[in-house]
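First the structure, which I've put down as structure tokens, then a few questions once you've had a look.
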Amino acid sequence: MSNPSIAFTASKSPKARQTLADMQKRYETVPVEEADIIVALGGDGLMLRSLHATIDRQVPVFGMNAGSVGFLMNSFREDDLLQRLADAEEVTLHPLRMKAQTRSGEVIEKLAINEVSLLRQTNQAAKLRITVDDKVRLDEMVCDGVLVATPAGSTAYNLSAHGPIVPMDADILCLTPISAFRPRRWRGALLPHDAIVRFDVLEDEHRPVNATADTSEVHSVTSVEIAEDRSIALRLLYDRGHNLADRIIAEQFLV
């Protein structure tokens with residue numbers, strides 16, 4: 001894309017706000033809704049928010065690390081931004097669509113780029129039934145929670161919960177328990193990207209559970225269905241030779 005119109009977004013940290021002011025002085029900008037490319041200045045949290053904000057237009061986002069965690073970001077550099085954008089490699093992500101039914105009967109849909117997680121609300125462990133493609137795989141799991149992660153999200157909460165790192169092009173979802181008490185030795189499963197995963201909350205009145213799609217939380221759910229939404233293509237831009245797929249592979253060799 002020659003001469004793209006650029007919009008900058010930034011997190012609320014002092015460092016990011018100062019970086020935003022410096023970049024806006026240096027480069028011509030347009031409002032976000034008019035931009036061909038969004039340049040996000042911050043950390044991974046800002047990148048996720050920026051991607052969620054572009055779902056309707058699916059505008060590519062080029063992140064530069066001006067935050068504390070920058071796994072999804074490019075390195076920050078004021079110089080040569082236009083050339084970096086021209087040379088950038090594009091990575092496409094497909095989010096998960098969560099359909100959560102609450103105890104009141106309301107059905108709430110949210111999208112997740114990293115993961116959908118279910119977590120107990122109280123001191124009592126959750127009891128969950130797990131169904132994959134209409135077949136019950138676990139009649140009952142007693143746990144703190146469970147999550148389904150995309151390849152992009154496999155290095156985030158999923159990794160902290162001892163789930164596997166999944167390459168970007170693997171077309172796989174991670175199903176990972178969080179502090180499972182029964183079955184104690186079950187470590188989770190790798191599922192095809194088109195699998196439909198359903199969690200039913202057992203004893204939901206006494207063992208309430210919340211469901212979260214990235215940062216959007218739904219309280220007191222009774223069931224949650226999760227499936228990849230291939231109709232949505234979120235676009236990330238990376239400096240050539242340093243894209244997200246390369247970083248995920250490299251993450252597996254960190255010791």
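The values are calculated or read from the model by the stated rules, or taken from the named source; none is laboratory data. Nothing here was measured: the structure is a model prediction, and the numbers come from that model. With ideal geometry, Cβ positions are generated from the backbone for all residues, glycine too; neighbour counts draw on all protein chains shown.
Take the stretch 75-100 and flag every residue that is under 30 Å from C174 (Cα atoms) and over 21 Å from the mean Cα position of the chain (by Cα).
If we filter the stretch 75-100 for residues that are under 30 Å from C174 (Cα atoms), which is where we start, we get 75, 88-100.
Correct list: A88 only.
What are the residues in the stretch 186-203 that are at pLDDT below 95 and either buried (at least 19 other Cβ atoms within 10 Å of the Cβ) or under 20 Å from G153 (Cα atoms) (or both), if any? Outline the logic, then answer.
First pass over the stretch 186-203, keeping only residues at pLDDT below 95: 186-187.
Within the stretch 186-203, just R187 meets the criteria.
A follow-up question, please. Taking the stretch 97-136 as the search range and keeping residues that are free of Cβ contacts under 8 Å to residues at least 40 places away in the same chain and assigned to a strand (DSSP E or B), which one is surrounded by the fewest Cβ atoms within 10 Å (Cβ to Cβ)?
The residue in question is K135.
Taking the stretch 19-39 only, how many residues are farther than 12 Å from L81 by Cα, among the charged types (D, E, K, R) and in contact with a strand residue (DSSP E or B) (Cβ under 9 Å, 6 or more places away or on another chain)?
Within the stretch 19-39, residues that are farther than 12 Å from L81 by Cα, among the charged types (D, E, K, R) and in contact with a strand residue (DSSP E or B) (Cβ under 9 Å, 6 or more places away or on another chain) number 3.
Can you tell me which residue is surrounded by the fewest Cβ atoms within 10 Å (Cβ to Cβ) among those in the stretch 20-49 that are closer than 23 Å to R230 by Cα and modelled with pLDDT of 95 or more?
D36
Can you pull out the residues in the stretch 50-93 that are in contact (Cβ under 8 Å) with a residue 60 or more places away in the chain, more than 30 Å from A227 (Cβ to Cβ) and either assigned to a strand (DSSP E or B) or of a type in the set (V, I, T) (or both)?
Passing the criteria: only N74.
Further question on the same structure: If I filter the stretch 73-89 for residues that are in the same structural domain as D22 (by TED's automatic domain parsing), at pLDDT 90 or above and under 18 Å from T215 (Cβ atoms), do I get at least one hit?
At the first step, the residues of the stretch 73-89 found to be in the same structural domain as D22 (by TED's automatic domain parsing) are 73-89.
Among the residues that remain, those that are also at pLDDT 90 or above are: 73-89.
Those left that are additionally under 18 Å from T215 (Cβ atoms): 73.
Checked against the condition, which is being in the same structural domain as D22 (by TED's automatic domain parsing), at pLDDT 90 or above and under 18 Å from T215 (Cβ atoms), the stretch 73-89 yields at least one hit.
Report whether or not A86 is in contact with a strand residue (DSSP E or B) (Cβ under 9 Å, 6 or more places away or on another chain) and either farther than 23 Å from I165 by Cβ or loosely packed, with under 12 Cβ neighbours inside 10 Å (or both).
Values: in contact with a strand residue (DSSP E or B) (Cβ under 9 Å, 6 or more places away or on another chain): no; either farther than 23 Å from I165 by Cβ or loosely packed, with under 12 Cβ neighbours inside 10 Å (or both): yes.
No: the conditions fail for A86.
Assess whether S154 counts as being farther than 16 Å from L93 by Cβ and either in a strand (DSSP E or B) or out of contact with any Leu (no Cβ under 7 Å at 6 or more places or on another chain) (or both). Break it down into steps so the answer makes sense when it comes.
Numbers: farther than 16 Å from L93 by Cβ: no; either in a strand (DSSP E or B) or out of contact with any Leu (no Cβ under 7 Å at 6 or more places or on another chain) (or both): yes.
The answer is no for S154.
Residue by residue through the stretch 196-236, note down the ones that are assigned to a loop (DSSP other than H, G, I, E, B), among the hydrophobic types (A, V, I, L, M, F, W, C) and over 23 Å from H94 (Cα atoms). First the steps, then the outcome.
Initial filter on the stretch 196-236 (assigned to a loop (DSSP other than H, G, I, E, B)): 196, 203-208, 214-215, 219-220, 229-233.
Then keep just the ones that are among the hydrophobic types (A, V, I, L, M, F, W, C); that gives 196, 232-233.
The answer is none; no residue qualifies.
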